[in-house]
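Here the structure is laid out as structure tokens; the discussion comes afterwards.
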């Protein structure tokens with residue numbers, strides 16, 4: 001899991017709630033930052049390490065559910081724990097369907113909140129590490145020359161070196177040389193691992209375009 005410190009963000013327009021949550025969260029060993037509005041939170045730079053958001057549903061500007069939409073889109077590695085002063089089944093259903101980690105009713109149970117934060121931070125840590133691994137993989141791919149990328153695409157599709165050479169108009173020996181450099185630059189220990197790397201790159205590209 002990432003070595004960066006974990007941070008719990010709190011967004012609630014009630015200062016007494018913010019202060020009590022900050023005190024409680026610190027007892028769990030996490031850093032915390034609180035905001036009175038959604039916009040204040042959005043203006044704050046995203047953290048590098050694991051994090052989660054404890055979010056009040058009712059806010060003076062952008063409400064909690066609308067802020068959730070922004071966080072899910074722009075900060076998918078940050079789980080959200082909703083808190084509210086009243087129970088609203090349709091609201092909680094919408095929040096959970098959109099990926100909320102938890103939906104808690106005030107007055108909050110300290111142990112329940114700390115447990116929810118612990119789970120959310122763990123989930124975030126996995127997401128942060130996966131994102132870092134993907135970024136490193138994409139960085140290595142960018143180091144490939146255009147020809148090496150062509151060779152990689154064809155060999156992972158199942159073509160033999162001779163067939164790749166025929167497709168690109170180069171010799172089989174040249175294909176082997178390019179293939180060796182691809183394996184080295186991508187740090188693939190086996191051909192099967194290279195295939196998996198390519199699949200991950202393709203999936204990430206599709207997700208970005210969507």
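Worth a mention:
- Judged by the mean number of other Cβ atoms found within 10 Å, the most tightly packed of the peptides 186-192, 176-182, 46-52 leads the ranking 46-52, 176-182, 186-192.
- Computed lengthening from residue 207 to residue 63, 0.36 nm per intervening residue step minus Cα-Cα distance: 49.1 nm
- For segment 143-209, the Stokes-Einstein estimate of translational diffusion at 20 °C and a viscosity of 1.002 mPa s comes to 177 µm²/s, using the Kirkwood hydrodynamic radius over alpha-carbon pairs.
- Here each label is just a point 7 Å from Cα along the line to Cβ, and for residue 123 and residue 43 those points are 2.9 nm apart.
- Computed over the Cα atoms of segment 115-178, the ratio of the radius of gyration to the Kirkwood radius (Rg/Rh) comes to 1.33.
- For residue 185 and residue 131, the difference between the fully extended length at 0.36 nm per residue and the C-alpha to C-alpha distance is 17.5 nm.
- Both radii were evaluated on the Cα set of the chain; the Rg over Rh quotient, with Rh as the Kirkwood radius, amounts to 1.17.
- Within segment 189-203, backbone nitrogen closer than 16 Å to the virtual label 7 Å beyond the Cα of residue 138 toward Cβ: 197-203
- Taking all Cα pairs closer than 8 Å and separated by 6 or more residues, the relative contact order of segment 143-209 comes to 31 percent.
- Alpha carbon convex hull of segment 5-64, projected area averaged over orientations, nm²: 3.7
- Cα-based equivalent ellipsoid, segment 7-128: semi-axes from gyration tensor eigenvalues, Å: 18, 17, 15
- The chain, relative contact order in percent, only Cα pairs under 8 angstrom and at least six apart counted: 16
- Max mean-square fluctuation residue, GNM over the chain, Cα-Cα springs under 10 Å, options 78, 196, 152: 196
- If you plug the beta carbon distance of residue 74 and residue 176 into 1/(1 + (r/R0)^6) with R0 = 41 Å, you get a FRET efficiency near 0.40.
- Residues of segment 49-89 with amide N under 16 Å of a point placed 7 Å along Cα→Cβ from residue 97: 65-66, 68-69, 88-89
- Averaging Cα coordinates gives a centre for segment 152-210 and one for segment 93-120; these two points are 44 Å apart.
- Using just its DSSP H runs of length 4 or more, each adding -39500 (n - 2.57), the chain gives a mean residue ellipticity at 222 nm of -19000 deg cm²/dmol after division by all residues.
- Counting only DSSP beta bridges with both residues in the chain, the antiparallel share comes to about 0 percent.
- Sorted from longest to shortest, the spans of the Cα atoms of segment 95-210 along the three principal axes equal 72, 25, 20 Å.
- Counting only alpha carbon atoms, the long axis of helix 146-156 and the longest principal axis of the chain meet at about 90°.
- Cα gyration tensor category, rounded, prolate or oblate, for segment 87-132 with a/c compared to 1.5: oblate
Throughout, read-outs are computed from the coordinates displayed, never taken from laboratory work. Predicted model, so just to flag it, every value in this text is computed and none were measured. So basically every Cβ, Gly included, is an ideal-geometry build from the backbone, and we count neighbours across all protein chains shown.
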